[in-house]
Every structure is written in structure tokens, then in C-alpha cells.
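Following: one structure in C-alpha cells, then a few remarks.
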Amino acid sequence: MEQEDEDLLYQLIVLFVFDKMDIALDDSTVLNICCVQNSWLAPIFCMDALQKLVKSNFINKISRGRKQNPLYTLTSDGRVCLANFYPRIPESMRQEISDYVRENRMAFKRQQEYTHTYYKNYDGTYTVWLRIKDPSATLLDLKFVVANHKTAKYIHENWEKKAANVYLMLRDQLLE
């Protein structure tokens, strides 16, 4: 395979992942999906493809401030490009990507949108900090104090599973 054909295939794989995920992704998540969890691309080729797709306006880069990695989304031009060259991705790879995304999409979405941490306070209590974010805004920012490390750790470890329900419950209670 010629270098140009390989570059095109790498870019199409990244476009296909974005199309199937259908959510904004940061670069570390793209690397995790394409290179760590799966061997679809080598990290250097993955990042090169992502940058070329941004430069070509097939992927849109969304800045989120100094402390956070930018998010990337598929543009309408990217969807058209993928539609035109879709057959160049081997069928087996398309199926593997589709299966992987179907099984793991929500976990990646939760991982990016539901952030959580805790820290010890000077008085021996712990502050638990929970957030729900979308690409353009913070939807929920919640800090509260708990008595001990065990409770803080439990809340921290379960936030991704319970965040959506907590958000809905708070919203419903406040709008009642």
C-alpha cells in the first residue's frame, strides 16, 4: 500500500470512529480507543490523522479552557468525506469498530462528562467534588463534605454510574 493510501485509510478510520461514537472526544480518548484498547492505529499515525482531519475541516476542535484538553467533533464535511470513501475501510475493521463502539460508547461518554475527585480537609473531613459537563458548559457542579475517607472514596468510585440519576432527581425536585 502506498503512503498516501495508508494516510487516507488512517484518516478514514478516525472519521469512522467519530461517526460511530457520535459524541465529542478529547485526544486522549481517541488514542485510548484507536491505539490502546484496540490496535487499529499506531499512536503516531492516529495523532497525525487527527491533526490532518482538523486542518482539512473534517474534524472540529473545540477549546475548553487552559486546564482541559480540547474536544473534537465530526463536521458535516467529515461525514461527506466518510460517505464518499467508506468502502476503503475493510469490512472486517468497520464491523470491529462498530461492535466496539456499541459495547463501550456510554463508558467513554461517562468518563468524559462525569468528573469526580475528593480531598482531605484540614479538620479531617473530606470534600467530594462531582461534576457533569458537556462540550460547551458545566451542567452540574456539586461539592459536599463527608465525615471520612471511606465515604468519600465510595461516592467517588460510584459517581459515573449514578450521575445521570442524581442530576435528574435534583432537576425534578427543583422544578416541582
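The values are calculated or read from the model by the stated rules, or taken from the named source; none is laboratory data. Model, not experiment: these values are computed from the prediction. Virtual Cβ from ideal backbone geometry, glycine too; neighbours counted across all protein chains shown. Accessible surface areas use protein heavy atoms only, side chains included; no ligands, DNA or RNA. Shrake-Rupley method; radii C 1.70, N 1.55, O 1.52, S 1.80 Å.
Would you mind pulling out the separation of the Cα centroids of region 1-39 and region 44-110, in Å?
6 Å
With every protein chain present, what is the per residue accessible area of the chain (1.4 Å probe, Å²)?
61 Å²
Using the Kirkwood radius built from alpha carbon pairs, what does the Stokes-Einstein equation give as D for region 82-173 at 10 °C and 1.306 mPa s, in µm² per second?
Here the translational diffusion coefficient equals 100 µm²/s.
With a/c under 1.5 counting as rounded, go ahead and sort region 122-176 into rounded, prolate or oblate using the C-alpha gyration tensor (a ≥ b ≥ c being the square roots of the eigenvalues; past the cut-off, prolate if a/b is larger than b/c, else oblate).
It comes out prolate by the Cα gyration axes.
Given the -39500 (n - 2.57) contribution per DSSP H run of 4+ residues, what per-residue ellipticity at 222 nm results for the chain, rounded to the nearest 500 deg cm²/dmol?
So the helix-based figure for the chain works out to -18500 deg cm²/dmol.
Taking 0.36 nm per intervening residue step and subtracting the Cα-Cα distance, what contour gain separates residue 102 from residue 125 on full extension?
This chain segment gains 4.2 nm when fully extended.
For the chain, which whole-number percentage of the solvent-accessible area (1.4 Å probe, protein heavy atoms only) is attributable to carbon and sulfur atoms?
The C+S portion of the solvent-accessible surface of the chain is 51 percent.
Please identify which residues in region 126-146 have an amide N closer than 17 Å to a label point set 7 Å out from the Cα of residue 175, following the Cα→Cβ vector.
139-141
Under 1.5 on a/c is rounded, so check that first for region 34-86, then, if it is not, pick prolate when a/b is larger than b/c and oblate when it is not; a ≥ b ≥ c are the square roots of the alpha carbon gyration tensor eigenvalues.
Because a/c hits 1.5 or more and a/b fails to exceed b/c, region 34-86 counts as oblate.
Over all directions, the average projected area of the alpha-carbon convex hull for region 17-114 comes to how many nm²?
6.3 nm²
As a test of the definition: which semi-axes, in Å, follow for the chain when you take the square root of five times each eigenvalue of its alpha carbon gyration tensor? Largest first, please.
Square roots of five times the eigenvalues give 37, 16, 15 Å.
Can you give me the angle between helix 3-21 and the longest principal axis of the chain, using Cα atoms only, in degrees from 0 to 90, rounded to the nearest 10?
On a 0 to 90 degree scale, this one is about 40.
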